[in-house]
Amino acid sequence: MKKYISLLIFTVLFLNKNLIFAQSINLFGVKGGVNLMEIRDKLNDDSVAKENKTGFYLGAFMEFRKSVNFSIQAEINYSGTNNKTNDQIGLLHIPVLFKYKVANKVEIYGGPESQFLLSVSRTDIKNKQYKKFILAADLGVGFLITEELTLDARYNLAVSNYMDFGPHRNKKLNFIQIGLAYKFDN
């Protein structure tokens, strides 16, 4: 997993090396909020069971401004469920988002996300049914409260499974994340 994270960070830095040195147009920030997880359990060809869990997410991001209205934002976030009765799931999210400012105080964004399964309480995730690397897609909206503070809401749709039990039996994780992001001006 460290190899994947190192490769992703290197790729982001290498592809945006010209932006790294242009300090005035890059913004670093932190974020956090509530994480609403839906576990979709496909039982067979015809039925799907759903289970909802509530948790939190915390993270950091770097926004690379390409123009006044367009930017690319790379993030690294940790999310965890805090349910006491069921398994707690810990994930590392690494999205790369393409943001567009549609109005003075509103921006929309979307992009791919890599997720790494870190833990499932009371379970050994080394079991081959658990997938350590999960692909997803993000779509969201940000409301700029001030230049530094943003109310952020996104939907995260799983593209790949986090558990696989064979043909037509799998589990996927979908998320709704609502929180605040604070940008530090360079």
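Being in a strand (DSSP E or B), modelled with pLDDT of 80 or more, of a type outside the set (V, I, T) and open to solvent by 60 Å² or more (accessible area, probe 1.4 Å), is that true of even one residue in segment 40-53? Scanning segment 40-53 turns up no residue that is in a strand (DSSP E or B), modelled with pLDDT of 80 or more, of a type outside the set (V, I, T) and open to solvent by 60 Å² or more (accessible area, probe 1.4 Å). Selection of first residues in segment 144-163 that are closer than 17 Å to F61 by Cβ and of second residues that are polar (S, T, N, Q) and surrounded by 13 or more Cβ atoms within 10 Å (Cβ to Cβ), restricted to Cβ pairs under 9 Å at least 6 apart or on distinct chains, gives the following pairs, ordered by first then second residue: L144/T150; D152/Q177; A153/Q177; R154/Q177; N156/Q115; N156/N174; N156/Q177. Of the strands (runs of 3 or more DSSP E) lying entirely inside segment 68-186, those containing at least 1 residues that are modelled with pLDDT of 90 or more and of a type in the set (K, R) are 89-103, 149-158, 170-184.
The values are calculated or read from the model by the stated rules, or taken from the named source; none is laboratory data. Small disclaimer: the values here were computed from a predicted structure and weren't measured. Cβ coordinates were reconstructed from backbone atoms using ideal geometry, including for glycine residues, and neighbour counts include every protein chain displayed. These accessible areas exclude ligands, DNA and RNA; they are computed on the full protein's heavy atoms, side chains included. Shrake-Rupley method; radii C 1.70, N 1.55, O 1.52, S 1.80 Å.
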